[in-house]
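Participant: Just passing along the structure, written as structure tokens.
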Amino acid sequence: MVCCAFPTRRVTTRIQGAGTLLTALPGGPLNHHWTKNLIASPDGRSLYVAVGSNSNVAEHGMAVEAERAAIWQVNVATGEHRILAFGLRNPVGMAWEPHSSALWTVVNERDELGSDLVPDYLTAVTDGGFYGWPYSYYGAHVDERVTPQRPDLVAQARQPDYALGAHTASLGLASSEGTTLPAALAHGMFVGQHGSWNRNPRSGYKVVFVPFANGRPIGSPPIDVLTGFLTADSKAQGRPVGVALDKRGALLVADDVGNVIWRVSTMPLR
């Protein structure tokens, strides 16, 4: 897998011209969590790339996990990269928190520990930080399925900032700064929750909002923003993925079961 740059013009509706290889990303015949999300730094000099693990809990060995379960920082000019943070089982959505200028991510945690473990989470990304995977979860809670263990790493595992519920498959993340939705949603993060495949009852299948104050999450549980994706008998009519704000401050939600993009606003589209 590769990360490429494509030439564009300011006003265009399509990519024109061939892409230029920027950096190679982990792939190969075994390629679990194959999607790779990216976000640009505010100054445009770096790309941050979320690279998921190649397994649930390293059941194929750590050799196939090289530079995975991590967020990369890629130099746009040279293509060189470094690992910004690691031990993140499957980091997906990323967003900049406007008041602290910190990078935040939502992470899908491990499976097969029951319906209520392990919580997916929202967390600030600390340079050099280790977040537990695969040896521990939510800080220093050791996962005894993993051998050999690494108590040296577990001792430095960072506890995530905010739990989003087990198996919610939180994939999308966007700052609400500039939203025209109600004032209660003015400062915080929107999270698109794709929903559980292995939990009873189902979890996720909605878009939620996590309020922030002084650059940190406050209040629990998060606020439901967009629901109704599950029928009464738990069949999925839609599954939220990406979330973003448009230039008018409305919330856009990509739904990969309904094959639509929802626009959520208190103002009519004109």
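The values are calculated or read from the model by the stated rules, or taken from the named source; none is laboratory data. Nothing here was measured: the structure is a model prediction, and the numbers come from that model. Neighbour counts are summed over all protein chains in view; Cβ atoms, including those assigned to glycine, are modelled from backbone coordinates with ideal geometry.
Listed here are the residues, each with its yes/no results for (1) among the acidic types (Asp, Glu); (2) under 21 Å from the mean Cα position of the chain (by Cα).
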position: 223; (1), (2): no, yes
position: 228; (1), (2): no, no
position: 231; (1), (2): no, no
position: 238; (1), (2): no, yes
position: 243; (1), (2): no, yes
position: 246; (1), (2): yes, yes
position: 249; (1), (2): no, no
position: 254; (1), (2): no, yes
position: 257; (1), (2): no, yes
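Participant: Here is a follow-up. Among the listed residues 95, 69, 140, 85, which satisfies the condition of being aliphatic (A, V, I, L, M), crowded, with 23+ Cβ neighbours inside 10 Å and without any contact (Cβ under 8 Å) to a residue 60 or more places away in the chain?
Facilitator: 85
Participant: Something else: Look at residue 266 and say whether it is touching a residue at least 60 places away in the same chain (Cβ under 8 Å) and in contact with a helix residue (DSSP H, G or I) (Cβ under 8 Å, 6 or more places away or on another chain). Working first, answer last.
Facilitator: Details: touching a residue at least 60 places away in the same chain (Cβ under 8 Å): yes; in contact with a helix residue (DSSP H, G or I) (Cβ under 8 Å, 6 or more places away or on another chain): no.
The answer is no for residue 266.
Participant: Please report, ordered by residue number, the strands (runs of 3 or more DSSP E) entirely within region 176-270 with at least 1 residues that are exposed (fewer than 15 other Cβ atoms within 10 Å of the Cβ).
Facilitator: It comes to 206-213, 223-226, 260-264.
Participant: Look at residue 116 and say whether it is assigned to a loop (DSSP other than H, G, I, E, B) and surrounded by fewer than 19 Cβ atoms within 10 Å (Cβ to Cβ). Can you show your working first?
Facilitator: On the way: assigned to a loop (DSSP other than H, G, I, E, B): yes; surrounded by fewer than 19 Cβ atoms within 10 Å (Cβ to Cβ): yes.
Taking the combined requirement at face value, the residue satisfies it.
Participant: Restricting the search to region 34-66, which residues are acidic (Asp, Glu) and either farther than 17 Å from residue 135 by Cβ or buried (at least 16 other Cβ atoms within 10 Å of the Cβ) (or both)?
Facilitator: Matches in region 34-66: 43, 65.
Participant: Residues being of a type in the set (A, V, I, L, M), within 21 Å of residue 123 (Cβ to Cβ) and assigned to a loop (DSSP other than H, G, I, E, B): count how many of those fall in region 41-72.
Facilitator: 3
Participant: Being within 20 Å of the chain's Cα centre (by Cα), outside the structural domain of residue 208 (by TED's automatic domain parsing) and either without any contact (Cβ under 8 Å) to a residue 40 or more places away in the chain or surrounded by 15 or more Cβ atoms within 10 Å (Cβ to Cβ) (or both): is that true of residue 151 here?
Facilitator: Answer is no for this residue.
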